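What follows is one structure encoded as C-alpha cells, with my remarks underneath.
Read-outs: derived from the displayed coordinates by stated rules, not from any lab. Here the structure is a predicted model, which is why all the values come from computation and not from measurement. Cβ sites come from the backbone with ideal geometry, for glycine too, and all protein chains shown count toward neighbours.
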C-alpha cells in the first residue's frame with residue numbers, strides 16, 4: 001500500500017471527490033493526508049477526514065497566506081490539532097520565490113507552527129522554496145529549544161537542506177517533480193537519503209508527475225512518483241511501498 005502524504009483534497013469539488021478516491025484505491029493508494037493552508041479551513045478538513053476512514057488531515061497556515069491575518073499563537077494552532085483525524089501541523093515554512101507575504105512575517109509564522117508542533121507532539125509539514133538557508137537556520141534554532149518532528153514536503157531544494165533536516169531527525173518527501181526529465185540532481189539526492197527517512201506525495205492538484213505533467217494532479221498519481229523513486233533506489237515497487245508506508249507510520253504516529 002502507498003500513502004499520499006501530502007495533497008489538497010478540498011481543492012476538488014464534492015462531486016469530483018468520490019471518483020478521485022476510487023482511482024486512488026485502484027492505484028494502490030490506501031491513505032491520503034489532506035493539508036491545511038489557512039486556519040479557517042480546519043473544521044472543513046477535519047470533517048472531510050472524518051467522513052472517510054482512509055483520510056487524515058493537518059492544520060496550519062501556508063507561507064503564501066501568512067500575512068492575511070495576524071500570526072496565530074502556537075496554542076491556537078495546537079488546539080485545532082486536538083482531533084482524532086488531525087495528524088500534523090502545516091503546511092508552514094518559507095517561500096522566497098513568490099514572496100506573497102513579508103519574509104519576517106513568514107518567519108514568525110513558521111516559528112509559531114514549529115512551537116505548535118512541539119506542543120501538540122505532532123510533526124510539521126514544511127514548505128521550502130528558495131529559502132534554504134533561513135529554513136535550516138530556524139530549524140536548528142528551534143530544535144535547540146526542544147525537539148520536534150519535521151517533514152520537508154515536495155522536496156526540490158538543495159542537498160544541504162535535506163541533510164540538515166535529516167540531521168535533526170527529520171524526513172523528506174518526494175513529489176512528481178522527481179519524475180521530470182531535468183530532475184537528475186533531485187533523483188541523486190533521493191537515491192542517497194537514508195531509507196528510513198523518505199516518503200512520497202502528490203501535492204495534488206499541483207505538480208502531476210510525468211507522463212501526466214501539465215494535467216491536474218490527483219492522489220492516484222503518487223504511484224508513478226513511487227515507481228521512479230523505487231527505480232532510483234534500486235528497489236522493487238512493492239518494497240518501496242512497504243518502506244514509505246512504514247516511514248509514514250513512524251513519523252505520523254497518530255495515524256499508526
Given R₀ = 35 Å, what would the calculated FRET efficiency be for residue 137 paired with residue 185, taking r from the Cβ atoms and rounding to 0.05?
0.95
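Which order, highest average first, do 218-226, 99-107 follow once you tally other Cβ atoms within 10 Å for each residue and take the mean per peptide?
218-226, 99-107
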One finds, for residue 104 and residue 235 with R0 = 45 angstrom and r their Cβ-Cβ distance, a FRET efficiency to the nearest 0.05 of 0.60
Anisotropy class of the stretch 1-106 from Cα gyration tensor, a/c 1.5 cut
prolate
Reduced to Cα centres, the span from the stretch 120-171 to the stretch 55-73 in Å works out to 17
Kirkwood estimate for the chain, i.e. one over the average of 1/r between Cα atoms, Å:
17.8
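Let me make sure I get this right: for the stretch 74-189, a, b and c are the square roots of the gyration tensor eigenvalues over alpha carbons, sorted descending. Under 1.5 in a/c it's rounded, otherwise prolate if a/b > b/c, else oblate. Which is it? Let's see the in-between values first.
On the way: a/c = 1.70, a/b = 1.53, b/c = 1.11.
Since a/c reaches 1.5 and a/b is larger than b/c, the shape of the stretch 74-189 is classed as prolate.
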Shape verdict for the stretch 206-256, please, from the Cα gyration tensor: rounded (a/c under 1.5), prolate (a/b greater than b/c) or oblate.
oblate
State, to one decimal in nm, how far the label point of residue 144 lies from the label point of residue 196, with both points 7 Å from Cα in the Cβ direction.
2.7
Which residue, 147, 51, 230, tops the fluctuation ranking in a GNM of the chain built on C-alpha contacts under 10 Å?
51
From DSSP H assignment alone, runs of 4+ in the chain each adding -39500 (n - 2.57), the sum over residues rounded to the nearest 500 puts [θ] at 222 nm at -12500 deg cm²/dmol
Approximate spin-label separation residue 79-residue 11, in nm, with each point projected 7 Å along Cα-to-Cβ
3.0
Return a whole-number percent for the relative contact order of the chain, with Cα pairs under 8 Å and 6 or more residues apart as the contact set.
20
